[in-house]
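The values are calculated or read from the model by the stated rules, or taken from the named source; none is laboratory data. The shown structure was predicted, so the numbers you read here are calculated from the model rather than taken from an experiment. FYI the Cβ positions are ideal-geometry reconstructions off the backbone, even for glycines, and counts take in every protein chain you see. To get the accessible areas, we keep the full protein, side chains included, count just its heavy atoms, and leave off ligands, DNA and RNA. Shrake-Rupley method; radii C 1.70, N 1.55, O 1.52, S 1.80 Å.
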Amino acid sequence: MREWNRIHARLSNRRRLASKEIRIALGRRVSGNSHSPIQIGSHKVVPRMTVVCPEDFSLETNFDGVVNTLRKIREGTTRKRSDVVYVDFRKIRSLSPSAALVLAAELDRWNNLPRRGRLRSIDVPQWDPSVRSLLADMGFFELLSVNPPPAEPQRTTRYVKFRTGKVAEGEVIDRLRLDDLEPMVGPMPGRIHLYNAVTEAMTNVAQHAYKDTRSHRPHWWLSASVDEDSVTVMIYDQGAGIPATLPRKFSEQIRKIVQEDHAMMIRAAHELQRTRHDEKYRGHGLERDVRGYLQYLDRGQYRVISLKGEYVFEPLTEDSPHRVYKHSHPLLGTLIEWRLRKIV
């Protein structure tokens, strides 16, 4: 019996260690069958859930495809701890900075959930080289606890490693500007206005975005990108969304007018005026500080996506500087972008 117990304990320990390592895998499928085994180390396992990322992973050109992928990854966090959730990145050929940020935020959220294993990656060399380099810039491989691949030389597009936090942190904004952006593009225009815009966005997240912190990680994620023509600064949160957090005193009147149109509700949130008797609410400062950065520069593009709505402000547009778009599927949370055109 002692020998049997010794052997049984050794086998049980091996199974427990294997289960811990294969809880989630990021990589490619062995075949087209989503239930075919995947190789992780010396183990072959059958994933309980497979998520295949679309070829075009961009919120600008494939919004529904990206948010559907994010939704499936979120569903994976609700499965049993022992289930293998498999995400296939092999098909991605184009990647936008905003989509990369919301993807990194979703994986960062997974890593910080209680009683979940950390993410692992497999078959990284088979990912598209340009996509792999951009994800490395964003800090993606640090989420997977692996060394990033070498950067591709002579790339015209660069992403900035994401930062995350729970409160407004002015030093984070300064470090983003001084350490990451200005060495690549030179002095950023309107530094004080940029500081005020991002600080106000962080404050809104900390005070109003998260109603239920039990099922959400009450954080923001901040990043940026640089290409040949523009510099983009982005902040994202996974909270309830602007349409769901409008001030109660305005929400009934606004909803009656726009009939649950999330895009129009986001635009309305930018037009609300605060008097000295008003309490703070999500949307305070959107017009004055957050959108105000682009109004001060008088060039570039300001964009907000929240739930099923999208609002865009471009000061130099000939017809109207304001545009709204409706989406059939919601982005979980709120994404804000400031895109500045370079002056040649």
(message) Which condition from (1) open to solvent by 20 Å² or more (accessible area, probe 1.4 Å); (2) under 16 Å from the mean Cα position of the chain (by Cα) is the one that residue 154 breaks?
(response) (2)
(request) Would you confirm whether any residue within segment 185-194 is surrounded by 18 or more Cβ atoms within 10 Å (Cβ to Cβ), farther than 17 Å from residue 160 by Cα and of a type in the set (Gly, Ala, Ser)? (result) no
(message) Between 121, 98, 145, which is closer than 30 Å to residue 338 by Cβ and either open to solvent by less than 40 Å² (accessible area, probe 1.4 Å) or free of Cβ contacts under 8 Å to residues at least 40 places away in the same chain (or both)?
(response) 98
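Taking residue 212, is it modelled with pLDDT of 90 or more and either surrounded by fewer than 17 Cβ atoms within 10 Å (Cβ to Cβ) or outside any loop (DSSP other than H, G, I, E, B) (or both)? Spell out how you get there, then give the answer.
On the way: modelled with pLDDT of 90 or more: no; either surrounded by fewer than 17 Cβ atoms within 10 Å (Cβ to Cβ) or outside any loop (DSSP other than H, G, I, E, B) (or both): yes.
In short, no.
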(message) Can you say whether residue 69 is surrounded by fewer than 17 Cβ atoms within 10 Å (Cβ to Cβ), at pLDDT 65 or above and either more than 23 Å from residue 146 (Cβ to Cβ) or of a type outside the set (D, E, K, R) (or both), as far as the supplied structure shows?
(response) no
(request) Say whether the condition of being open to solvent by 10 Å² or more (accessible area, probe 1.4 Å), closer than 27 Å to residue 224 by Cβ and out of contact with any Lys or Arg (no Cβ under 6 Å at 6 or more places or on another chain) is met by at least one residue in segment 76-90. (result) no
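Among the residues of segment 88-110, count how many are closer than 16 Å to residue 165 by Cα and not hydrophobic (A, V, I, L, M, F, W, C).
The number of residues fulfilling the criteria is 3.
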(request) Give me a count of the residues in segment 321-344 that are open to solvent by less than 40 Å² (accessible area, probe 1.4 Å), free of Cβ contacts under 8 Å to residues at least 24 places away in the same chain and of a type in the set (A, V, I, L, M). (result) 0
(request) Answer with yes or no whether residue 231 is of a type outside the set (D, E, K, R), open to solvent by less than 30 Å² (accessible area, probe 1.4 Å), modelled with pLDDT of 90 or more and not in a helix (DSSP H, G or I). (result) yes
(message) Please go through segment 289-320 and give me each residue that is part of a helix (DSSP H, G or I), open to solvent by 50 Å² or more (accessible area, probe 1.4 Å) and either in contact with a helix residue (DSSP H, G or I) (Cβ under 8 Å, 6 or more places away or on another chain) or among the basic types (Lys, Arg) (or both), ordered by number.
(response) 296
